[in-house]
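What follows draws every value from the coordinates through simple rules; no lab data is involved. Since this is a predicted model, take the numbers as computed values, not measurements. Glycine gets a Cβ as well: all are built from the backbone with ideal geometry, and neighbour counts include every protein chain shown.
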2 protein chains.
Amino acid sequence: MPSFDHSAPDAPDLMTVLRALADPIRLEVVQTLSRVEYANCAALLGDRPKSSMSHHFQVLREAGLVRTEIQGVQHLNFLRRAEIDARFPGLLAAILQS
Amino acid sequence: MPSFDHSAPDAPDLMTVLRALADPIRLEVVQTLSRVEYANCAALLGDRPKSSMSHHFQVLREAGLVRTEIQGVQHLNFLRRAEIDARFPGLLAAILQS
């Protein structure tokens, strides 16, 4: 399936992940994706401008938090929960329950 | 004991804490303070300029991560581990073990 470039699962360092999460919109995307299997961009966009959201998705992908797959005309976004949990045990759980 | 203004233990929100931690110098200060009872500013300064470190300490205090007490001519810095653990269970543990 075509997809965007994504960082290797073991590539992002803690600083990159913390910076990616230290933004209310990106944290909301991660929170939403933690509750569903995946979501397309429209579902995550809300009433926010698409251009700024593209930047947020890119930051999340580069931090290894989100994987985006292209299916037809849709971009499907998945939280890379297992990879993040393996690399930073307990981090997402602590943040998502806060 | 005189001290700086500090945020109330229940005041800082997750975003403020994540932003405070999403900086390599501030994260290093938190890591160092997690291993000792307290440290004065000189011990945490390294060879970095004092002015920029003052800003970092202020950010850490405002996020409720660090308490600074004035003892004579020294500023003693403590990690507010118990308060942060109570408010964001598991967060510091996950970050400090990464």
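A few remarks follow.
Let's see how each residue does on (1) in contact with a strand residue (DSSP E or B) (Cβ under 7 Å, 6 or more places away or on another chain); (2) more than 23 Å from B:PRO89 (Cα to Cα):
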residue: A:GLU28; (1), (2): no, no
residue: A:THR32; (1), (2): yes, no
residue: A:PRO49; (1), (2): no, yes
residue: A:SER54; (1), (2): no, yes
residue: A:VAL66; (1), (2): yes, yes
residue: A:ARG81; (1), (2): no, no
residue: A:GLN97; (1), (2): no, no
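- For the stretch A:41-58, the criterion of being within 28 Å of B:ASP85 (Cβ to Cβ), surrounded by 14 or more Cβ atoms within 10 Å (Cβ to Cβ) and not small (Gly, Ala, Ser) is met by no residue.
- Pick from the stretch A:68-82, criterion under 14 Å from A:VAL30 (Cα atoms) and in contact (Cβ under 8 Å) with a residue 12 or more places away in the chain, ranking: nearest to the other protein chains (Cβ to nearest Cβ): A:ARG81
- Pairs linking a residue in the stretch A:25-47 that is in contact (Cβ under 8 Å) with a residue 24 or more places away in the chain to a residue that is in a helix (DSSP H, G or I) and charged (D, E, K, R), with Cβ atoms under 9 Å and 6 or more positions apart or on different chains, are A:LEU33/A:ARG81; A:SER34/A:ARG81; A:CYS41/A:LYS50; A:LEU44/A:GLU28.
- Single match in A:LEU65, A:LEU21, A:LEU27, A:LEU92 (criterion: within 14 Å of another protein chain (Cβ to nearest Cβ), over 11 Å from the mean Cα position of the chain (by Cα) and crowded, with 16+ Cβ neighbours inside 10 Å): A:LEU92
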